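Asker: Quick one: this structure, given as structure tokens, is what I'll be asking you about.
The values are calculated or read from the model by the stated rules, or taken from the named source; none is laboratory data. The shown structure was predicted, so the numbers you read here are calculated from the model rather than taken from an experiment. In this analysis, Cβ positions are derived from the backbone assuming ideal geometry, glycine residues included, and neighbour counts consider all displayed protein chains. Side chains are part of the model used for accessible areas, which takes the heavy atoms of the whole protein and leaves out ligands, DNA and RNA. Shrake-Rupley method; radii C 1.70, N 1.55, O 1.52, S 1.80 Å.
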Amino acid sequence: MPHAEGVSEDEFRAAMARLAAGVVLVTAFDPDDGPEGADVGMTASAFMSVSLEPPLVMVSVRDGSRMDELLERRPYWATSLLTESQRQTAGRFAMKGRLSDRLLFRELPHTRGEASGAPLVDGALATVECCTEQRVRAGDHTLVIGRVLSTGLPHVADTGPLLYYRGHYRSLSNGGS
């Protein structure tokens with residue numbers, strides 16, 4: 001159905017699918033979930049650098065999602081920029097009706113960020129730990145702008161970034177498959 005502006009959701013989705021985007025795992029620790037707290041994660045391709053001075057990044061999260069609710073209560077979070085070899089991780093954290101985050105993190109090699117307390121994926125291209133500076137409602141999403149507290153470059157293997165393009169995960173090597 002077209003919006004008042006004349007662009008349907010399908011048309012908009014098809015146009016935006018032609019924009020290649022890096023894939024990140026956004027993570028946070030929820031101390032209020034159970035007696036020991038719990039790690040929370042979601043796959044995102046709407047992540048970007050906003051400013052160098054001060055260092056700011058932004059991620060878009062769906063309104064009402066577990067991550068949106070958690071980042072509204074807790075200011076600390078992190079992202080791990082995934083490699084093309086971490087496609088399975090991206091897929092698992094993006095699935096609707098997926099396993100619980102507890103089970104997913106149990107199977108995911110990670111360390112805990114010193115600045116954010118959030119899980120950081122082992123072998124990621126880079127990690128970025130943040131503290132929320134601002135939340136901006138934008139349609140059915142919230143843009144979470146975070147001040148960068150720390151970065152890491154744990155990646156050592158010779159592999160490129162995981163990309164999302166035309167509705168599928170892609171890589172820069174092997175012809176983009």
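Asker: Confirm whether residue 5 is assigned to a loop (DSSP other than H, G, I, E, B) and either open to solvent by 70 Å² or more (accessible area, probe 1.4 Å) or of a type in the set (Ser, Thr, Tyr) (or both).
Answerer: Criteria met by residue 5.
Asker: Which of the residues spanning the range 78-116 are surrounded by 12 or more Cβ atoms within 10 Å (Cβ to Cβ) and charged (D, E, K, R)?
Answerer: 84, 87, 92, 98, 101, 102, 112
Asker: Mind counting the residues in the range 59-101 that are within 18 Å of residue 29 (Cβ to Cβ) and without any contact (Cβ under 8 Å) to a residue 40 or more places away in the chain?
Answerer: Residues flagged as within 18 Å of residue 29 (Cβ to Cβ) and without any contact (Cβ under 8 Å) to a residue 40 or more places away in the chain within the range 59-101 amount to 4.
Asker: Still on this structure, please answer the following. Specify the residue that is farthest from residue 54 (Cα to Cα); the eligible residues are those in the range 136-150 that are exposed (fewer than 14 other Cβ atoms within 10 Å of the Cβ) and touching a residue at least 12 places away in the same chain (Cβ under 8 Å).
Answerer: Restricting to residues being exposed (fewer than 14 other Cβ atoms within 10 Å of the Cβ) and touching a residue at least 12 places away in the same chain (Cβ under 8 Å), the top hit is 140.
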